[in-house]
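Written out below as C-alpha coordinates is the structure these notes cover.
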Amino acid sequence: MPEFRHYIASLAGLPSLGDVKKGGLEFMNKATDTFFREYNTSFIKHIENVWTSTMILPYIIGGHPELAHEFIRWLRASDDGDLAADNFAWSTKEIEIENQKSYGESHECRIDACMICLTKNADPGVILE
(Lines give C-alpha, C1' and ligand atoms only; values in the text may rest on other atoms or scores of the structure.)
Protein backbone atom coordinates (compact mmCIF):
# COMPACT_ATOMS: atom_id res chain seq x y z
CA MET A 1 0.00 0.00 0.00
CA PRO A 2 1.59 3.26 -1.08
CA GLU A 3 0.14 5.11 1.93
CA PHE A 4 2.48 3.14 4.21
CA ARG A 5 5.65 3.27 2.12
CA HIS A 6 7.48 5.56 4.59
CA TYR A 7 6.57 3.30 7.50
CA ILE A 8 7.64 0.18 5.63
CA ALA A 9 10.93 1.84 4.65
CA SER A 10 11.58 2.78 8.28
CA LEU A 11 11.39 -0.89 9.29
CA ALA A 12 14.31 -1.76 7.03
CA GLY A 13 16.89 -0.56 9.57
CA LEU A 14 15.46 -2.34 12.61
CA PRO A 15 17.38 -5.32 13.93
CA SER A 16 15.71 -8.67 14.34
CA LEU A 17 16.09 -9.53 18.05
CA GLY A 18 14.33 -12.90 18.01
CA ASP A 19 11.49 -12.04 20.42
CA VAL A 20 8.59 -9.58 20.44
CA LYS A 21 9.42 -8.67 24.06
CA LYS A 22 12.85 -7.37 23.04
CA GLY A 23 11.38 -4.61 20.90
CA GLY A 24 13.06 -5.18 17.56
CA LEU A 25 11.59 -5.93 14.15
CA GLU A 26 9.45 -8.70 15.66
CA PHE A 27 7.74 -6.17 17.95
CA MET A 28 7.03 -3.76 15.08
CA ASN A 29 5.64 -6.57 12.91
CA LYS A 30 3.37 -7.68 15.76
CA ALA A 31 2.28 -4.05 16.37
CA THR A 32 1.45 -3.68 12.66
CA ASP A 33 -0.57 -6.91 12.64
CA THR A 34 -2.42 -5.85 15.80
CA PHE A 35 -3.19 -2.39 14.40
CA PHE A 36 -4.70 -3.74 11.17
CA ARG A 37 -6.59 -6.52 12.96
CA GLU A 38 -8.16 -4.02 15.39
CA TYR A 39 -8.83 -1.49 12.62
CA ASN A 40 -10.57 -4.13 10.51
CA THR A 41 -12.63 -5.39 13.47
CA SER A 42 -13.74 -1.84 14.28
CA PHE A 43 -14.53 -1.11 10.62
CA ILE A 44 -16.71 -4.21 10.32
CA LYS A 45 -18.54 -3.51 13.57
CA HIS A 46 -19.13 0.23 13.20
CA ILE A 47 -19.20 0.81 9.43
CA GLU A 48 -19.80 -2.32 7.38
CA ASN A 49 -22.40 -4.00 9.60
CA VAL A 50 -24.30 -0.74 10.03
CA TRP A 51 -24.32 0.49 6.42
CA THR A 52 -25.15 -2.91 4.95
CA SER A 53 -27.96 -3.61 7.39
CA THR A 54 -31.62 -4.07 6.52
CA MET A 55 -32.36 -0.96 8.59
CA ILE A 56 -30.01 1.45 6.76
CA LEU A 57 -29.73 0.02 3.24
CA PRO A 58 -33.07 1.43 1.95
CA TYR A 59 -31.59 4.93 2.22
CA ILE A 60 -29.63 4.07 -0.94
CA ILE A 61 -32.79 5.04 -2.85
CA GLY A 62 -31.97 8.68 -2.10
CA GLY A 63 -28.38 8.33 -3.31
CA HIS A 64 -26.79 7.55 -6.64
CA PRO A 65 -29.58 7.03 -9.22
CA GLU A 66 -28.04 3.94 -10.82
CA LEU A 67 -27.44 2.26 -7.45
CA ALA A 68 -30.99 3.17 -6.41
CA HIS A 69 -32.33 1.61 -9.61
CA GLU A 70 -30.37 -1.58 -9.02
CA PHE A 71 -31.54 -1.71 -5.40
CA ILE A 72 -35.18 -1.45 -6.50
CA ARG A 73 -34.59 -4.14 -9.18
CA TRP A 74 -33.16 -6.37 -6.43
CA LEU A 75 -36.20 -5.81 -4.22
CA ARG A 76 -38.53 -6.57 -7.14
CA ALA A 77 -36.56 -9.73 -7.96
CA SER A 78 -36.94 -10.83 -4.36
CA ASP A 79 -40.67 -10.14 -4.42
CA ASP A 80 -41.01 -12.08 -7.70
CA GLY A 81 -38.98 -15.03 -6.37
CA ASP A 82 -36.10 -14.49 -8.78
CA LEU A 83 -33.49 -14.21 -6.01
CA ALA A 84 -34.42 -17.61 -4.61
CA ALA A 85 -34.37 -19.08 -8.14
CA ASP A 86 -30.96 -17.49 -8.76
CA ASN A 87 -32.35 -15.61 -11.78
CA PHE A 88 -30.99 -12.20 -10.83
CA ALA A 89 -27.79 -10.49 -11.95
CA TRP A 90 -26.54 -7.04 -11.04
CA SER A 91 -25.49 -4.62 -13.74
CA THR A 92 -21.75 -4.75 -14.42
CA LYS A 93 -21.59 -1.12 -15.50
CA GLU A 94 -18.80 1.00 -14.01
CA ILE A 95 -19.97 4.27 -12.43
CA GLU A 96 -18.43 7.22 -10.64
CA ILE A 97 -19.74 7.76 -7.15
CA GLU A 98 -20.27 11.50 -6.77
CA ASN A 99 -19.46 13.45 -3.60
CA GLN A 100 -17.20 10.65 -2.43
CA LYS A 101 -13.88 12.16 -3.38
CA SER A 102 -10.71 11.68 -1.39
CA TYR A 103 -7.35 13.30 -2.00
CA GLY A 104 -8.72 14.86 -5.20
CA GLU A 105 -9.35 11.48 -6.82
CA SER A 106 -12.77 10.25 -7.94
CA HIS A 107 -14.09 6.88 -6.89
CA GLU A 108 -15.30 4.55 -9.60
CA CYS A 109 -16.87 1.19 -8.96
CA ARG A 110 -18.70 -1.55 -10.76
CA ILE A 111 -22.35 -1.66 -9.81
CA ASP A 112 -22.31 -5.42 -9.19
CA ALA A 113 -19.33 -5.28 -6.82
CA CYS A 114 -20.83 -2.34 -4.94
CA MET A 115 -24.30 -3.88 -4.62
CA ILE A 116 -23.02 -7.31 -3.60
CA CYS A 117 -21.14 -5.60 -0.77
CA LEU A 118 -24.06 -3.37 0.23
CA THR A 119 -26.69 -6.10 0.22
CA LYS A 120 -24.70 -8.89 1.85
CA ASN A 121 -26.25 -8.37 5.30
CA ALA A 122 -29.68 -7.20 4.15
CA ASP A 123 -32.86 -9.24 4.01
CA PRO A 124 -35.01 -8.02 1.10
CA GLY A 125 -38.09 -9.70 2.60
CA VAL A 126 -37.76 -7.63 5.76
CA ILE A 127 -37.18 -4.44 3.76
CA LEU A 128 -40.33 -5.07 1.74
CA GLU A 129 -42.54 -5.53 4.83
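Values as computed for the structure displayed
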item: Between helix 65-80 and the chain: long-axis angle, C-alpha atoms, 0 to 90°, nearest 10; result: 60
item: Stokes-Einstein D for the stretch 36-129, Kirkwood Rh over Cα pairs, 25 °C, 0.890 mPa s (µm²/s); result: 170
item: The chain, relative contact order in percent, only Cα pairs under 8 angstrom and at least six apart counted; result: 21
item: Sequence-distant lysines (8 or more away, or on other chains) whose Cα lies within less than 23 Å of Lys30; result: Lys21, Lys22, Lys45
item: Candidates Ile60, Ile111, Ile95: whichever shows maximal mean-square fluctuation once the chain is modelled as a Gaussian network with Cα springs under 10 Å; result: Ile95
item: Accessible carbon and sulfur surface of the chain relative to its total accessible area, %, 1.4 Å; result: 56
item: Per-residue [θ]222 nm for the chain (sum of -39500 (n - 2.57) over DSSP H runs n ≥ 4, rounded to 500); result: -13000 deg cm²/dmol
item: Solvent-accessible heavy-atom area per residue, rounded to whole Å², over the stretch 1-102 at 1.4 Å; result: 74
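The values are calculated or read from the model by the stated rules, or taken from the named source; none is laboratory data. Remember, predicted model here, so these are calculated numbers, not experimental data. Just the protein is used for accessible areas: all its heavy atoms, side chains included, with ligands, DNA and RNA removed. Shrake-Rupley method; radii C 1.70, N 1.55, O 1.52, S 1.80 Å.
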